[in-house]
Amino acid sequence: MPILKEGELDIISHSAEQTRRLGARLGQLLQPGDMICLSGDLGAGKTVFTAGIGHGWGATLPVTSPTFNLVNQYQREADDQLLYHLDCYRLGSADEVDTIGFDDILDHSGPVVIEWPERIEDALPKALLWIDIEVIEGDRRNFIFEATGDHYQKLIDAFREKAFGF
């Protein structure tokens, strides 16, 4: 009997720098319209992982936490595409996504990374990549990637190849 469900990938990061590098590997693979949801407690490493995503994707500015303004966007010099980084911690429900222009963000078709997605789960598309991040101890983190839809399963497979060579 498998430990993980089909469509899942389980990784342990041993440092903030390794977490950032894993994010960079994923960022290199993101396509327009990709939806990445990062779930985990405060201090789990969601923003560190997202900073890596931004770096790997090619953001012209370093990724920072959008906790107080809820949405940050980053441009890529190569093609002027935008990466959206949302922090939904301060939202009470999916009904409040209109206050951050969620539909407009989805219409722009850039990759979207959402911290605290469980707060707006009812507003999320069905197909996405959900990543649970759990603090093990110190700087060690457990990442469980769960794909919903064929596109995101292929993304996990490409990420596994890029990060680990198999």
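Show the residue pairs that are 6+ apart or on different chains and have beta-carbon atoms under 7 Å apart, the first residue being within region 61-85 and without any contact (Cβ under 8 Å) to a residue 40 or more places away in the chain and among the aliphatic types (A, V, I, L, M), the second being surrounded by fewer than 16 Cβ atoms within 10 Å (Cβ to Cβ) and part of a loop (DSSP other than H, G, I, E, B).
Here the result reads Leu70/Arg90, each pair linking region 61-85 to a residue that is surrounded by fewer than 16 Cβ atoms within 10 Å (Cβ to Cβ) and part of a loop (DSSP other than H, G, I, E, B).
How many residues does region 61-85 hold that are among the hydroxyl-bearing types (Ser, Thr, Tyr) and in contact with a Phe, Trp or Tyr (Cβ under 7 Å, 6 or more places away or on another chain)?
The total comes to 1.
Being over 27 Å from Ser15 (Cα atoms), surrounded by 15 or more Cβ atoms within 10 Å (Cβ to Cβ), among the hydrophobic types (A, V, I, L, M, F, W, C) and modelled with pLDDT of 90 or more narrows it down to one residue among Ile114, Ile120, Ile131, Ile144; which is it?
Testing whether each residue is over 27 Å from Ser15 (Cα atoms), surrounded by 15 or more Cβ atoms within 10 Å (Cβ to Cβ), among the hydrophobic types (A, V, I, L, M, F, W, C) and modelled with pLDDT of 90 or more leaves just Ile120.
Go through Leu70, Leu61, Leu42 for me and flag whichever is closer than 23 Å to Ala123 by Cα, surrounded by fewer than 14 Cβ atoms within 10 Å (Cβ to Cβ) and not aromatic (Phe, Trp, Tyr).
The match here is Leu42.
So Gly52 fits all but one of (1) buried (at least 21 other Cβ atoms within 10 Å of the Cβ); (2) in contact with a strand residue (DSSP E or B) (Cβ under 6 Å, 6 or more places away or on another chain); what number is the exception?
Looking at each condition in turn, Gly52 falls short on (2).
Considering only region 7-30, state which residues are touching a residue at least 24 places away in the same chain (Cβ under 8 Å), surrounded by fewer than 16 Cβ atoms within 10 Å (Cβ to Cβ) and more than 13 Å from Ile156 (Cα to Cα).
Ile12, His14, Ser15, Ala16
Looking at Leu9, Leu38 in this structure, which one is modelled with pLDDT of 95 or more, assigned to a strand (DSSP E or B) and in contact with a strand residue (DSSP E or B) (Cβ under 9 Å, 6 or more places away or on another chain)?
Being modelled with pLDDT of 95 or more, assigned to a strand (DSSP E or B) and in contact with a strand residue (DSSP E or B) (Cβ under 9 Å, 6 or more places away or on another chain) holds for just one of Leu9, Leu38, which is Leu38.
Each row is one residue, and each column tells you yes or no for (1) touching a strand residue (DSSP E or B) at 6+ places or on another chain (Cβ under 6 Å); (2) closer than 20 Å to His55 by Cβ; (3) basic (Lys, Arg).
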position	(1), (2), (3)
Asp80	no, yes, no
Tyr89	no, no, no
Asp104	no, no, no
Asp107	no, no, no
Val113	yes, yes, no
Glu134	yes, no, no
Gly138	no, no, no
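Would you check which residues across region 69-81 are closer than 13 Å to Gly58 by Cα and in contact with a helix residue (DSSP H, G or I) (Cβ under 6 Å, 6 or more places away or on another chain) and list them?
Residue satisfying the conditions is Tyr74 alone.
The values are calculated or read from the model by the stated rules, or taken from the named source; none is laboratory data. Note that this is a predicted model, so its numbers are computed, not measured. Backbone-built Cβ (ideal geometry, glycine too); neighbour counts: all protein chains shown.
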